[in-house]
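Some notes on the structure that comes next.
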Amino acid sequence: MTLQRNSWQEWEDVFRARSGRKLPKLEVDIDYSQFPASLAKSLAIFQLGESGGGTIVEQTRMSTLPHIDEHYGNAMSLFVAEENRHANLLGLCVRLLNGKLIRDNWTARLFVFGRRLIGLRLKVMVLLAAEVVGLCYYHLLGSRMPPCRLRETLADIVEDERTHLYFHCDFLRSQITTKWHRRVFVAVWRSLMLAAAVVVMIDHRAAIRDLDIGRRNVFDRWMSFSRLAETLVVSDSPNHCAEQTVRTFSGC
């Protein structure tokens with residue numbers, strides 16, 4: 001996966017090529033009763049957060065922001081469909097763990113509120129923060145599991161989330177054309193990412209504790225990917241970020 005795509009047509013092609021994937025059958029291949037109930041609850045919260053997204057698709061298609069076109073709108077629509085697929089996958093995981101899906105949660109409401117605050121740029125920043133949090137968290141959960149269908153499913157979602165990270169970084173980069181824009185982005189992004197990390201750590205503290213992941217480990221991983229995303233957006237030569245990207249992804 002390259003750090004940048006040359007056009008939104010290329011991004012549309014990336015998502016369209018993956019749009020026909022069917023949901024796997026998550027049969028019971030191990031004794032899932034060994035996992036704590038907090039894991040099912042944690043995944044149910046993320047499942048709720050992966051749902052929806054129709055509003056941002058509509059706003060993208062109506063947007064008059066520079067450097068985007070109909071292909072970006074198509075790519076955004078396909079991205080949302082992929083997120084909905086993740087919601088379905090996580091729903092299967094929750095059921096595999098004998099957990100229950102939920103219809104409402106305060107962190108999900110908070111992320112939705114953040115996306116609705118102002119324009120498309122901030123919405124994409126909130127989406128990017130969610131990608132960073134999810135990518136790292138799913139990997140850390142999988143690292144505490146033995147080989148099983150659940151772990152494989154989380155790993156598949158992680159691979160998709162890596163693509164999403166680049167997609168959103170490309171959009172934000174296209175909107176940042178001056179040093180002032182960069183300063184504003186960095187200030188808002190760091191505040192947003194810190195707030196998102198703290199909120200999610202509070203809401204998922206039981207699973208983090210029960211799986212012995214370590215709060216410091218979780219926070220450090222999120223901050224590492226936060227810095228990566230920031231660099232991909234504001235760097236003068238994003239393709240020169242390859243070494244940092246490899247180092248960051250080597251642990252995920």
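The values are calculated or read from the model by the stated rules, or taken from the named source; none is laboratory data. All of these numbers come straight from a predicted model, not from anything done at the bench. Ideal geometry is used to build each Cβ from the backbone, glycine not excepted, and the neighbour counts take in all protein chains shown. For the accessible areas, the whole protein counts, side chains as well, though only heavy atoms, and no ligand, DNA or RNA atoms are used. Shrake-Rupley method; radii C 1.70, N 1.55, O 1.52, S 1.80 Å.
Observations on the structure shown:
- Taking the criterion of being free of Cβ contacts under 8 Å to residues at least 12 places away in the same chain, over 21 Å from SER143 (Cα atoms) and among the small types (Gly, Ala, Ser), the residues of the stretch 188-226 that qualify are SER191, ALA195.
- When every residue of the stretch 198-211 is checked against the conditions, none turns out to be under 28 Å from ASN74 (Cα atoms) and either in contact with a strand residue (DSSP E or B) (Cβ under 7 Å, 6 or more places away or on another chain) or not β-branched (Val, Ile, Thr) (or both).
- Tally, over the stretch 41-69, of residues that are open to solvent by 30 Å² or more (accessible area, probe 1.4 Å) and of a type in the set (Gly, Ala, Ser): 5
- Out of ARG209, ARG205, ARG190, ARG116, sole residue that is open to solvent by 30 Å² or more (accessible area, probe 1.4 Å), out of contact with any Phe, Trp or Tyr (no Cβ under 7 Å at 6 or more places or on another chain) and either modelled with pLDDT under 90 or within 20 Å of LEU65 (Cα to Cα) (or both): ARG116
- For the stretch 46-58, the criterion of being touching a Lys or Arg at 6+ places or on another chain (Cβ under 9 Å), hydroxyl-bearing (Ser, Thr, Tyr) and at pLDDT 90 or above is met by no residue.
- Test: residue in the stretch 72-85 that is at pLDDT 90 or above and hydroxyl-bearing (Ser, Thr, Tyr): yes
- The stretch 177-198, residues that are of a type in the set (S, T, N, Q) and in a helix (DSSP H, G or I): SER191
- Identity of the residue in the stretch 8-53, part of a loop (DSSP other than H, G, I, E, B), small (Gly, Ala, Ser) and touching a residue at least 12 places away in the same chain (Cβ under 8 Å), that ends up nearest to VAL124 (Cα to Cα): GLY53
- Residue that is surrounded by the fewest Cβ atoms within 10 Å (Cβ to Cβ), among those in the stretch 212-237 that are hydroxyl-bearing (Ser, Thr, Tyr) and within 15 Å of the chain's Cα centre (by Cα): SER224
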